[in-house]
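Encoded as structure tokens, the structure appears first; notes follow it.
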Amino acid sequence: MTRHVPTGSRIRERRLSLSVKQTDLAARAGISPSYLNLIEHNRRAIGGGLLTRLAEALDVDRAALAEDGDAALVAAVEAAGAARGIAPRALEDADDLARRFPEWGRVIAAQAEAMAAQARTIEAMVDRLSHDPTLADAMHELLSTVSVVRSTASILAQTPGIDRNWLGRFHANLDADSRRLADGAEAMVALFDRQASRGADHLLPSEAVSRFLDAHGHRFDALETNGPAAIPDLVAGIDDPAARAMAAEVLARDAEDAARLPVAAVLAATEPDDLIAVAGGDMALVLRRMGIVDPGRGLVVADASGALVRRKPVAGFALPVVGAGCPLWPVFAALGQPGRPVATTVETPDGAQWRAHAVAAPLAPQTFGGMAVMRATMLLTRVGMQGAADPVGPGCRVCPREGCAARREPSVLSGRGS
């Protein structure tokens, strides 16, 4: 279980372990001994350059003294251990490992993140094959050509006394189809190579918009200060006109949200409840703003069909670029009870726990006799181990959970359904 040790206490522990006097450390850091004493007893906040100078004087990484940075490393080590099925009692050693051997802790966290990135890559490739009509047609053409080649080869193998003229025709057809198959396979490989090396080239408009938003962390300071007037310059670098129009629509909504709930108020809040009154009771607005302003939180917006119309990923919680997510996500439960807020703790397959806030609301004001267009918004916040939590996954295709009642298709990671 993660232990939250204040920064001042960490400084004192490190100083005592090195047998350094308080006066000597204060001199190295350029502060008075009395001020250092207040810091070590957690009576003065510390950060910025002073924390860096103290870390240098104590010959330790700054993150080892910073409470938030250390907690994040401990949480990452805990999540990596949970993903490998380590017993809960053994997980309690994550705190000691991360604090005593931070470099090894970072190695473990990096390896866990690399595995998560591979899972996201697999999901993106599968989603691309499932939802891109161009790729679907190309794959159908390849499979059809394979069938033709196989049939021709079968005829040649099973008919030893075939007429010489027909034999020549079959050989010519086999040669042409084999070349077509090879060319098609090379084109498919080249397409994926170009996508990996050239960024947004050959992407669907929705993928290009997601790539654009992800590259900027979904937060645009120009929208906070200049509003909609900043949008043309922000999207000018998007080549695809359809993607550019879609991105402009997203940013227009963000600019409207920024005007209704200023960034200063969002930064001053800790929990969504802190902003509900300021936002005039619009809980979806609160969740969108907190998800966009805070880089440490994730954001999901889904429409009534279950499609993800906005996704802001956060380290440790995989979100598909296209296609469906996990049906157990609270954002989908919110769609079934519009207007009613949902707050629950969920656990991903790697053992990490997240606080999820979700609510569904009409996209625009409703009218009598009109059809309500609903959208659900979910905010994701990483938390420490809190005991029981609802199990969720990144989506069935890449979810390793076994025995899940919500599974709709086999996982490509296990090679079998559960």
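The values are calculated or read from the model by the stated rules, or taken from the named source; none is laboratory data. Computed from a predicted structure; not experimentally measured. In this analysis, Cβ positions are derived from the backbone assuming ideal geometry, glycine residues included, and neighbour counts consider all displayed protein chains. Heavy atoms of the whole protein, side chains included, go into the accessibility calculation; ligands, DNA and RNA do not. Shrake-Rupley method; radii C 1.70, N 1.55, O 1.52, S 1.80 Å.
Laid out as a table, the results:
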| read-out | value |
| --- | --- |
| From PRO320, PRO228, PRO327, PRO295, residue being touching an Asp or Glu at 6+ places or on another chain (Cβ under 9 Å) and part of a loop (DSSP other than H, G, I, E, B) | PRO320 |
| Top-ranked residue of the range 211-228 - restricted to ones that are open to solvent by 20 Å² or more (accessible area, probe 1.4 Å) and more than 13 Å from ALA258 (Cα to Cα), ranked as nearest to the chain's Cα centre (by Cα) | ASP214 |
| Test result for ALA302, within 21 Å of PRO205 (Cα to Cα), touching a Leu at 6+ places or on another chain (Cβ under 6 Å) and outside any helix (DSSP H, G or I) | yes |
| Scan of the range 4-46 for residues that are among the hydrophobic types (A, V, I, L, M, F, W, C), within 19 Å of ASP61 (Cα to Cα) and open to solvent by less than 60 Å² (accessible area, probe 1.4 Å), ordered by number | VAL5, ILE11, VAL20, LEU25, ALA26, ALA29, LEU36, ILE39, ILE46 |
| Qualifying residue in the range 175-195 (condition: buried (at least 17 other Cβ atoms within 10 Å of the Cβ), in a helix (DSSP H, G or I) and at pLDDT 80 or above) | yes |
| Which numbered condition VAL309 fails, given (1) buried (at least 18 other Cβ atoms within 10 Å of the Cβ); (2) within 21 Å of the chain's Cα centre (by Cα); (3) closer than 20 Å to LEU251 by Cα | (1) |
| Single residue of the range 398-411 satisfying the filter (within 21 Å of ALA82 (Cα to Cα) and open to solvent by less than 60 Å² (accessible area, probe 1.4 Å)) that is farthest from the chain's Cα centre (by Cα) | CYS404 |
| Which listed residue is modelled with pLDDT under 85 and open to solvent by 40 Å² or more (accessible area, probe 1.4 Å), from PRO232, PRO160 | PRO160 |
| Within the range 240-284, considering residues that are assigned to a loop (DSSP other than H, G, I, E, B) and open to solvent by 80 Å² or more (accessible area, probe 1.4 Å), the one nearest to LEU223 (Cα to Cα) | VAL278 |
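Residue-wise test of (1) surrounded by fewer than 17 Cβ atoms within 10 Å (Cβ to Cβ); (2) more than 19 Å from the chain's Cα centre (by Cα); (3) without any contact (Cβ under 8 Å) to a residue 12 or more places away in the chain; (4) under 30 Å from ALA90 (Cα atoms).
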residue	(1), (2), (3), (4)
GLY291	no, no, no, no
TRP329	no, no, no, yes
ARG340	yes, yes, no, no
GLN353	no, no, no, yes
ALA360	no, yes, no, no
GLN366	yes, yes, yes, no
ARG382	no, no, no, yes
GLN386	yes, yes, no, yes
